[in-house]
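The next block holds one structure in the form of structure tokens; read it before the comments.
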Amino acid sequence: MSLMALREQLNGLVNSMFLEGLLDDQFEQLQMLQDESSPGFIAELITLFCGDSERILAELTKLLDQAVVDYQKVDAFVHQLKGSSSSVGAQHVKLACVQFRQFCEEHNKEGLKGIYFFRCLRALNVVKHEYYLLRGKFDTMLQLEQRIQAYESKQQI
Amino acid sequence: MSSPRGGDKEGGRDGERQIHVLAVDDSSVDRAVIAKLLRSSKYRVTAVDSAKKALELLGTEPNVNMIITDYSMPEMTGYELLKRVKESPTLREIPVVIMSSENDPDKINRCLEEGAEDFLLKPVRPSDVSRLCGRMRS
């Protein structure tokens, strides 16, 4: 594939992610910081975000699997994930976390623990779904970027 | 914009003292973002993941022109770090900026009353960092 075609594919992918709301303008602001002095900034940030997110999702799965769920710990982890998704501009993940936290809070207030537990489980599944959807597109984005960078460095030789 | 003494050399090498910002955040993602934002403004950045490490660093290297810290951190919060800095005769002149994802007026007021230079709402963006540039310790 030509360099131009690769660039078009990458731009198309990123634009569609903005249009679908997977990414918001925080991501756009961060993209603008990437330059010749730090060509790997976005890739590094995405890698950090994904590693962090997967660690948190594993912890949340374990916590909701306990006989007695510690909702304070659950809330703390969701708060962390909400924070990092907000910082990178992962809008859908962030919104799913906001919803999840609401269920955690409601659980603390209400007496019907069973219902809220299932709502929290469902909320976790929504967060996972949104995260893995985003992760798939991030993977494609990084692969395209690598191919483009390889092309560009060959051209410079 | 306050700049290192003398010329405006990029990176401030060759004897020019570059502005040094200490960033404190337990989130690796947020640390990477704030460090990048600051480095894009040509500041030298040291990023640590806890207030404890921040205080250790300040003990050995007091030549820090600004501290930017997250509020909510395990063990020692950014608020507690702010208080320790302002209580210290050697550190109290260093401006401290607090970052938080929560827009809580009580929290903000508490920080400002304790001597915080500014309070930034996360997610932090380039415009937030530009507004800090005149307030570094010279």
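The values are calculated or read from the model by the stated rules, or taken from the named source; none is laboratory data. Keep in mind that what you see is a predicted model, and the values were worked out from it rather than measured. Neighbour counts are summed over all protein chains in view; Cβ atoms, including those assigned to glycine, are modelled from backbone coordinates with ideal geometry. Side chains are part of the model used for accessible areas, which takes the heavy atoms of the whole protein and leaves out ligands, DNA and RNA. Shrake-Rupley method; radii C 1.70, N 1.55, O 1.52, S 1.80 Å.
For a protection proxy built on the mean count of beta-carbon atoms within 10 angstrom, sort B:47-56, A:86-95 highest first, please.
A:86-95, B:47-56
Once both axes come from the Cα atoms, what is the angle between helix A:3-19 and the longest principal axis of chain A, in degrees from 0 to 90, rounded to 10?
Approximately 30 degrees, to the nearest 10.
Using amide H atoms built in the peptide plane, which far-off residues or other-chain residues are under 5 Å from B:MET99 H to H?
For B:MET99, the qualifying residues are B:THR69, B:ASP70, B:TYR71, B:LEU120.
Using the alpha-carbon atoms, what tilt in degrees (0 to 90, nearest 10) does helix A:71-88 show relative to the longest principal axis of chain A?
Helix A:71-88 sits at roughly 20 degrees to that axis.
Compute the normalised compactness of the range A:5-64: alpha-carbon radius of gyration over 2.2 N^0.38 Å, N being the residue count. Don't skip to the end; give the middle numbers.
Numbers: Rg = 14.6 Å, N = 60, 2.2 N^0.38 = 10.4 Å.
That works out to 1.40 for the range A:5-64.
Indicate the gyration tensor shape class of the protein assembly as shown (rounded, prolate or oblate), computed on the Cα atoms with a ≥ b ≥ c the square roots of the eigenvalues: a/c under 1.5 is rounded; otherwise a/b larger than b/c is prolate and the rest oblate. All intermediate terms of the calculation are to be shown ahead of the outcome.
Values: a/c = 2.38, a/b = 1.11, b/c = 2.15.
The shape class here is oblate.
Could you go through the range A:90-97 in sequence order and give the Karplus-derived ³J(HN,Hα) for each residue, using 6.51 cos²θ - 1.76 cosθ + 1.60 with θ = phi - 60°, rounded to whole Hz, and x for Gly and Pro?
3J(HN,Hα) across the range A:90-97, in whole Hz: 7, 5, 5, 5, 4, 5, 5, 5.
Could you order peptides B:116-129, B:23-36, A:12-25 by the average number of other Cβ atoms within 10 Å of their residues, highest first?
In descending order of packing, they fall as B:23-36, B:116-129, A:12-25.
Is it possible to state the helix-based mean residue ellipticity at 222 nm for chain B, with each DSSP H run of 4+ residues giving -39500 (n - 2.57), the sum divided by total residues, to the nearest 500 deg cm²/dmol? What is it?
When only DSSP H runs of four or more count, the value is -10000 deg cm²/dmol.
Work out the mean other chain Cβ neighbour count within 10 Å for the residues of A:37-46 and drop it here as an integer. Spell out each step's value before the answer.
On the way: counts 3, 3, 0, 0, 5, 1, 0, 2, 5, 1.
Taking the mean over all residues of the peptide, I get 2.
Through the Karplus equation 6.51 cos²θ - 1.76 cosθ + 1.60, θ set to phi - 60°, convert the phi angles of the range A:50-57 into ³J(HN,Hα) values in whole Hz; use x for Gly and Pro.
Values per residue, Gly and Pro as x: 5, x, 4, 4, 5, 5, 5, 5 Hz.
Please compute, for the alpha-carbon atoms of chain A, the extent along each of the three principal axes and give them in descending order in Å.
Principal-axis extents of chain A (Cα, largest first): 67, 24, 24 Å.
I'd like the projected area of the range A:64-111, averaged over all directions, using the convex hull of its alpha carbons. Report it in nm² with one decimal.
3.4
Could you run the Karplus curve 6.51 cos²θ - 1.76 cosθ + 1.60 with θ = phi - 60° over the range B:85-91 and give me ³J(HN,Hα) per residue in whole Hz, x for Gly and Pro?
These are the phi-based 3J(HN,Hα) values: 5, 6, 7, 8, x, 7, 10 Hz.
Other chains' Cβ within 10 Å of A:79-86 residues: what's the mean?
On the way: counts 3, 6, 2, 1, 12, 8, 2, 5.
So the per-residue partner count for this stretch is 5.
What relative contact order, as a whole-number percentage, does the range B:20-135 give when Cα pairs under 8 Å and 6 or more residues apart are counted? Spell out each step's value before the answer.
Numbers: 180 pairs, mean separation 27.4, N = 116.
Answer for the range B:20-135 is 24 percent.
Under the rule of -39500 (n - 2.57) per DSSP H run of 4 or more residues, summed and divided by the residues of chain A, what mean residue ellipticity at 222 nm is obtained, to the nearest 500 deg cm²/dmol?
-28500 deg cm²/dmol
In the range B:20-135, what percent of the accessible surface is made up of carbon and sulfur (1.4 Å probe, ligands and nucleic acids excluded)?
Carbon and sulfur atoms account for 46 percent of the accessible area of the range B:20-135.
Based on a Kirkwood Rh over C-alpha pairs, give the Stokes-Einstein translational diffusion coefficient of the range B:20-135 at 10 °C and viscosity 1.306 mPa s in µm²/s.
115
Show me you know the interface measure: the accessible area buried between B and A, both chains summed, probe 1.4 Å, in Å² to the nearest 100.
1400
Return the whole-Å distance between the Cα centroid of the range A:12-30 and the Cα centroid of the range B:84-108.
33
Let me know the mean shielding of B:22-34 by other chains, meaning the per-residue number of their Cβ atoms within 10 Å of its Cβ.
Average per residue, whole number: 5.
In degrees between 0 and 90, to the nearest 10, how far off the longest principal axis of chain B does helix B:51-60 point, with axes built from Cα atoms?
40
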